[in-house]
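Some notes on the structure that comes next.
The values are calculated or read from the model by the stated rules, or taken from the named source; none is laboratory data. What you see is a predicted model; the values in this text were computed from it and never measured. Here the Cβ positions follow ideal geometry from the backbone for every residue, glycine too, while neighbour counts run over all protein chains shown. Heads up: the accessible areas ignore ligands, DNA and RNA and are worked out on the full protein's heavy atoms, side chains in. Shrake-Rupley method; radii C 1.70, N 1.55, O 1.52, S 1.80 Å.
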2 protein chains.
Amino acid sequence: MTRYQPEHFPEHAGSLLIEGVRTEQGQIDIAISAEGTIEAAGPGAGSDFRSGAEYRIDGTGCIALPGLVNCHTHAAMSLLRGYADDMPLQAWLGEKIWPLEARLTGSDVYWGTRLACLEMIRTGTTAFQDMYFFMEEAARAAGDAGVRAVLAYGFIDLFNDEKREQEIRATRRFVSHVRDLKNPLITAAVGPHAVYTVSPEGLRWLAEYSGEEEIGIHVHLSETEQEVADAVKAWGKRPPEILDKSGILTPRTVAAHCCWLDRGECTLLAGRGVSVAYNPASNMKLAVNRAMPYPWLREAGVNISLGSDGCSSNNNLDLFEEMKIGALLQKFAWNSPTLLPAGEMLAIATSGGARALGLGTGTITPGAPADLILVDRHAVCNTPLHSISSNMVYSCSGAAVLTTICNGRVLMLDRYIPGEEEVLAGASAAAADLVRRAGSA
Amino acid sequence: MTRYQPEHFPEHAGSLLIEGVRTEQGQIDIAISAEGTIEAAGPGAGSDFRSGAEYRIDGTGCIALPGLVNCHTHAAMSLLRGYADDMPLQAWLGEKIWPLEARLTGSDVYWGTRLACLEMIRTGTTAFQDMYFFMEEAARAAGDAGVRAVLAYGFIDLFNDEKREQEIRATRRFVSHVRDLKNPLITAAVGPHAVYTVSPEGLRWLAEYSGEEEIGIHVHLSETEQEVADAVKAWGKRPPEILDKSGILTPRTVAAHCCWLDRGECTLLAGRGVSVAYNPASNMKLAVNRAMPYPWLREAGVNISLGSDGCSSNNNLDLFEEMKIGALLQKFAWNSPTLLPAGEMLAIATSGGARALGLGTGTITPGAPADLILVDRHAVCNTPLHSISSNMVYSCSGAAVLTTICNGRVLMLDRYIPGEEEVLAGASAAAADLVRRAGSA
């Protein structure tokens, strides 16, 4: 089909004024500096900025939200979307995912991450936290796409000394690479994969190194019952205690999944200031048999964020859909229709994520980074509009997002994204070639 | 935003040729008669029809699927989308839903049903089964929208003789009204609400009447644990037995929800030829504490279809989203990542639904009604395209549907639907006025 292309797409950085947009607090204007910071946000706030703004967007048909934050994904796995599903975990990994991943190249990771960023921009996500490999290529992709990214090289030493030294070198190299980029939107984290793939020595090194570098820690935690049982069997300790003894649990840490935490472990995470990333679609699809214990985490005061996990266990990166599935799963799993109401879910996907990644408040307020999205208030999913938060969480998909702005740069305007066709073509070709190489091996 | 409008929208009925569209079986052409029947479907099938076809659609950028079938909804409740959520069931009904419903007018039902039909067309649903009131207005709305509908007046006698006589008259009146419409797309069913709202005498009358009229039966069954417990307490029987003793369980019957069936009841439903409508999002949101027992129903051989339930407990009508939630919920609830794979889920939403409503095979085959949709194969959710069924169920939302065809009539082309703005405006006004009336009461 012919795609609609706006006449005046703001191709370059410049001050921006969004006028008359709807929020939970009523109709406001949002003024954004050329440096990408929100300068003013409120009713009539535009009057001081109207003459000076380089670009203007009519927001009267839109609802403004802070950009959504995806705190746990493996972006380049978008190339594996639909490649293998509905299989037992070990067969799925051993027969399908790992053989393909063994053939991944840096170029594949570039195109897979570009595709993921395209999908995120299109569905209203302005920042993501990634863990994978060939991460220099992931950084290049995120940089080209213009989104905010916290990137970790997935550290897996399999309890082998030599492999650990390799992983340490790879981690140092990537962190130093990101520093050299000097792109304020891209930061590095360390990525201890999990207690069953990283030795205690590896965990300790990562904890110390991340402290020295003052960077985040991105880890899988207590995703499956087997992970917990195996840890107890091998080490006499459950996964959170193993991480804690190694110094991994810090206020800079995001722990993904956390389905099998017990109540005391929720308190431990709260005490350490760890953020949790909730991945409901993946947890359901892979049948981990337990939902993240939201009531215990909330009671303990843990900061909760949202993640999509990789595209091979979801199979998309639409956080609107993830919010709905997440709110529904808690109600179902805990037998409570009042648990995780829409307003809380929306806060988890915005301010919870921003806090987890150290990106500020995740709100549309003066001084905050201008990471925000405009949602079509005349879409069917917003008709009628009795409640913004309810419609955002329960009714809309990411397809209702019209405009996505990250650090003040317009990445999508009225659903038009410059260069989209090239990304789709590059990713399609990479995916086809990857499957061909795997098949002919 | 400016909406894209195709230059040549087929406004009138006419023969139609779709060329080069992708299906699970490869690339095909689909020829459709002016009367709305598929005449040919296969590779190169278009060559015989090219010169004669009144309209032609280039399908090369699309995936063709049978139209999705929504077997359980209360369409006009779209006006209540987001009006009340995250509440305990009784407070939600007693304080919010029922007071609003008490003020509903026929005009509200018309606009609510028009809005629902618009959403269904936009998300690839070509047929639905409804249960509500002011059903003459629902029939008018479905007729104006051009979708296929099986409509039932919701029969609720509350065990009161006088009320039962009123409901019998209302049911007869509506069935006769639908017959008089002589619209082949619109048929009537009877709608016994549930065992806790309809007397055994009412159930028996509905069973007999529907047999005489040869029309369907649309009923809620074993949605909650309380429904089962209350039935046992009041009647010494569980809901399926109550329905069966009244003659309600027939091959023309669609039973919605069925979460709390036991294994023997699945066998009973199979023996009676009943179809079940699975409503996963509603079941999760209202926290019914049990997923429809898919493995038992499948083992027993019951025909399974998909439903959205009403917009106040979902809160949308997007069956793509419903397919994903449905496939995920079974995996999670039964702790099996292989349960309800994508191909089965897609069949449930298409051929399962068509069988349930007596609409033929729900496949794209010669002789079948031309109810079909074209999905954007270049959308992000279809990049890459390793598996059509996986992408349809797990990755795409209804926003990937470009074109919707019902009975050979094009209802949406390249996402353009004639008259959409009027429906959105009419429904918005009706919803606002309804809330105002309820507030001032």
Exercise for the section: Please indicate, with yes or no, whether at least one residue in region B:375-382 is at the interface with chain A (Cβ under 7 Å from one of its Cβ atoms) and crowded, with 24+ Cβ neighbours inside 10 Å. Expected result: yes
Exercise for the section: Could you tell me whether A:D108 is open to solvent by 20 Å² or more (accessible area, probe 1.4 Å), within 14 Å of another protein chain (Cβ to nearest Cβ) and at pLDDT 90 or above? Expected result: no
Problem - Identity of the residue in region B:259-297, among the polar types (S, T, N, Q) and open to solvent by 10 Å² or more (accessible area, probe 1.4 Å), that ends up nearest to the other protein chains (Cβ to nearest Cβ) - result: B:N289
Completion exercise
Within region B:243-258, the residues that are open to solvent by 20 Å² or more (accessible area, probe 1.4 Å) and in a helix (DSSP H, G or I) are B:D244, B:K245
Practice task
Of the numbered conditions (1) open to solvent by 10 Å² or more (accessible area, probe 1.4 Å); (2) in contact with a helix residue (DSSP H, G or I) (Cβ under 8 Å, 6 or more places away or on another chain); (3) over 30 Å from B:G367 (Cβ atoms), B:E24 fails exactly one; give the number of that condition.
Solution key: (3)
Exercise for the section: Go through region B:38-54 and give me each residue that's touching a Pro at 6+ places or on another chain (Cβ under 9 Å), open to solvent by less than 50 Å² (accessible area, probe 1.4 Å) and in contact (Cβ under 8 Å) with a residue 24 or more places away in the chain. Expected result: B:I38, B:A40, B:A41
Handout entry: Of residues in region B:358-384 being assigned to a loop (DSSP other than H, G, I, E, B) and free of Cβ contacts under 8 Å to residues at least 60 places away in the same chain, the one farthest from B:G20 (Cα to Cα)
Key = B:G360
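Every residue, every condition in (1) facing chain B (nearest Cβ under 9 Å); (2) part of a helix (DSSP H, G or I), yes or no:
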| residue | (1), (2) |
| --- | --- |
| A:S312 | no, yes |
| A:L317 | yes, no |
| A:E321 | yes, yes |
| A:P337 | yes, no |
| A:L346 | no, yes |
| A:G352 | no, yes |
Exercise for the section: State whether one or more residues within region B:387-400 are outside the structural domain of B:D144 (by TED's automatic domain parsing), of a type outside the set (S, T, N, Q), part of a loop (DSSP other than H, G, I, E, B) and crowded, with 24+ Cβ neighbours inside 10 Å. Expected result: yes
Handout entry: Candidate set from region A:356-374 (those that are over 27 Å from A:H257 (Cα atoms) and among the β-branched types (V, I, T)); member that is nearest to the other protein chains (Cβ to nearest Cβ)
Key = A:I364
Handout entry: Single condition B:R81 does not satisfy, out of (1) open to solvent by less than 10 Å² (accessible area, probe 1.4 Å); (2) in contact with a Phe, Trp or Tyr (Cβ under 6 Å, 6 or more places away or on another chain)
Key = (2)
Handout entry: Scope region A:48-85; condition within 14 Å of chain B (Cβ to nearest Cβ) and charged (D, E, K, R); matching residues
Key = A:D58, A:R81, A:D85
Problem - Residue, farthest from the other protein chains (Cβ to nearest Cβ), within region A:401-441, restricted to residues that are among the hydrophobic types (A, V, I, L, M, F, W, C) and in a strand (DSSP E or B) - result: A:C406
Exercise for the section: Please determine, by comparing only the residues of region A:339-357 that are free of Cβ contacts under 8 Å to residues at least 60 places away in the same chain and surrounded by fewer than 23 Cβ atoms within 10 Å (Cβ to Cβ), which one is farthest from A:E322 (Cα to Cα). Expected result: A:L339
